[in-house]
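Down below is the structure, laid out as structure tokens.
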Amino acid sequence: MKGKQTLISAIVLLLFFSCNSGERPRTIRGFMIDAPRGVETTDYYFRLIDFLHDRNFNTIIFRLTDDQGSAYRFTSHPELKMCEGAFTSEELKKIVRYAADKGMELIPEIESFGHSRYITETEKYKYLNDGPPGADFNAISPVSDDTYNLMKDLYAEIASIFPGKYIHIGCDEVNWGAGELSKKALTSASKSQIWGDYINKLNRFVKTMNKTTIIWADVPLYHEKDVLELLDKDMVIMDWNYWETDKTKIKEVADRVLDHGFKLIACPAVHWCEWSARVGASQFDNINAYAEVYAALNNSNNLGIVLSNWVPTRYLQNSEWDTYTIAAAILNNNGNYHYMDAIPGFVKEHFGAAYDAGWETIFKTVYEGTYQAACGKADSLKFSPWASAEDIRNIITKNRRVQNRLSEVINLLTAKRDNITRNKDDFEDFLLTIRYMNYIYNRQNDLLDFVQSRKNDIASVEAYLERVASEDQAQLSTICTAWKRGRHYKPDEALKDCMWSFYKAVDYSRQLSENSKFFIEILNAR
């Protein structure tokens, strides 16, 4: 029986990929999994595949490597830095087969230029580090033969697991040129020439495996535009831009890529560094704009759209299904879609509950009341829990209370708990997320209230700080329990990026509770 099932799966894979190997591929409706920033269980990925399939998605970009490590255990290079819970080849093949049975192609992504600390932070390959010391973004040397040979090994091994047409080789946010080999190379060639030569060399190896290369295109489209002229035309350009809502600008970029003869994929975002515990309503403007522009691009080299969804450790795993539902509806309607139009169906189908004015209030308030995180564009909407003396001074100086209506949402959700007949655990994660956000917003307002009370005596300060430290730890424990479900993690690295990096705030309030005089000094110095 097992052999028969294996044969059937193999036939399905063969038919699926052969039917999609013609000159004009089907329109891509894709979603991105950011596995190295938080490896999740096979069962969760199966569930996500089912969810996406039911909403007309047909492609998943499966990111396997990043600075944090590799989410796949390379047998050709076991010395690379591995993520906790990294998959074996058989585990990945199981996910690939499951997706193929649903008519979905999984495209592996291997970071090949920037985001390469999974390589350069190993003892064996630290000499290939080409990024400036202390910089957020980094690179592996593009001029070393050792880099090229290593990438060939990684691509070949991954190609044996993912039988589809494409390999994504990354190449975004590259900060390179600090290594001695690169410095020497730059004396006789420009950065753009070296950039183009390196990517073309990788692309030509990918072609020997009968695959097509996909690259992130921030460098050739936005930063070093002359690179676009130097790239081989048979690779796919992926325009990622998570903040643009101007359809004219989006179309201008698309037309430039298509006019150069490249195939093109659009990549707006669901979740990225602008958001943390939740995605706000304004993010859907980005998806809407891309969906509308690309639906109107009548060019066979317009391959479609993939939605980025970054850093799953920033939010509770099963609290985002409503957001994914909205994003899918925008794509399926070719943009020009209001996010609230997807909510009645979501409530009925996902929670098995009757939609009413209460649900309307819940979701509208949540989406309008979610603040941007650190890299948000609008200063008035930036938010993170205070976790330093500088944060405290800024809050006191601005003297601006956080607008918060989430207590009303919590009451409405609590009243509806008994009416939930499906996916009750998802409902609880959603409710916990709102409780957490409400706590964080109130935490900042509570700080302002205490400062304005002018209770600077040691007894009052100690009582306030002990309460905050205790409540922070309780919140962290609750979130940690939910966050770990369905995810692999190292105990000493858990929650470092979770929910506005709340662990930093917890650590800082504990320190203040042990040194209340320092807090008084902060207050007196304002």
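The values are calculated or read from the model by the stated rules, or taken from the named source; none is laboratory data. Because the structure is a prediction, the values reported are computed rather than measured. In this analysis, Cβ positions are derived from the backbone assuming ideal geometry, glycine residues included, and neighbour counts consider all displayed protein chains.
Summary table below
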read-out: Residue among ALA328, ALA342 that is in contact with a Ser or Thr (Cβ under 7 Å, 6 or more places away or on another chain) and part of a helix (DSSP H, G or I); value: ALA342
read-out: Within the range 49-71, tally of residues that are closer than 24 Å to ALA266 by Cβ and over 15 Å from the mean Cα position of the chain (by Cα); value: 10
read-out: GLY261 vs. criteria touching a Phe, Trp or Tyr at 6+ places or on another chain (Cβ under 7 Å), in the same structural domain as GLY30 (by TED's automatic domain parsing) and in a loop (DSSP other than H, G, I, E, B); value: no
read-out: Tabulated pairs, the range 395-421, first at positive phi and of a type outside the set (D, E, K, R), second in a helix (DSSP H, G or I) and surrounded by 11 or more Cβ atoms within 10 Å (Cβ to Cβ), C-beta under 7 angstrom, 6+ apart or interchain; value: ASN399/LEU448
read-out: Residue in the range 222-235 that is buried (at least 23 other Cβ atoms within 10 Å of the Cβ), outside any loop (DSSP other than H, G, I, E, B), aliphatic (A, V, I, L, M) and free of Cβ contacts under 8 Å to residues at least 60 places away in the same chain present; value: no
read-out: Qualifying residue in the range 398-409 (condition: more than 25 Å from the chain's Cα centre (by Cα), of a type in the set (Asp, Glu), at pLDDT 95 or above and not assigned by TED's automatic domain parsing to the domain that holds ALA266); value: yes
read-out: Index of the failed condition, LYS504 passing every other in (1) farther than 16 Å from VAL311 by Cβ; (2) touching a residue at least 60 places away in the same chain (Cβ under 8 Å); (3) surrounded by fewer than 18 Cβ atoms within 10 Å (Cβ to Cβ); value: (1)
read-out: Filter result (modelled with pLDDT of 95 or more, buried (at least 19 other Cβ atoms within 10 Å of the Cβ) and not aliphatic (A, V, I, L, M)) within the range 1-57; value: ARG29, GLY30, PHE31, ASP34, PRO36, GLU40, TYR45, PHE57
read-out: Identity of the residue in the range 295-312, of a type in the set (A, V, I, L, M, F, W, C) and assigned to a strand (DSSP E or B), that ends up nearest to THR248 (Cα to Cα); value: ILE305
read-out: Hey, ARG485 over 24 Å from the mean Cα position of the chain (by Cα), closer than 30 Å to GLU40 by Cβ and not in a helix (DSSP H, G or I) or not; value: no
read-out: Top-ranked residue in the range 184-221 [being in contact with a helix residue (DSSP H, G or I) (Cβ under 9 Å, 6 or more places away or on another chain), part of a helix (DSSP H, G or I) and of a type in the set (Lys, Arg); ranked as surrounded by the fewest Cβ atoms within 10 Å (Cβ to Cβ)]; value: LYS201
read-out: Filter result (closer than 19 Å to VAL219 by Cα, free of Cβ contacts under 8 Å to residues at least 60 places away in the same chain, buried (at least 16 other Cβ atoms within 10 Å of the Cβ) and among the small types (Gly, Ala, Ser)) within the range 88-141; value: SER116, GLY131, ALA139, SER141
read-out: Some residue of the range 252-260 being touching a residue at least 40 places away in the same chain (Cβ under 8 Å) and within 19 Å of the chain's Cα centre (by Cα); value: no
read-out: Any strands (runs of 3 or more DSSP E) falling wholly within the range 28-89 and containing at least 1 residues that are over 20 Å from ARG487 (Cα atoms) and among the charged types (D, E, K, R); value: 28-34
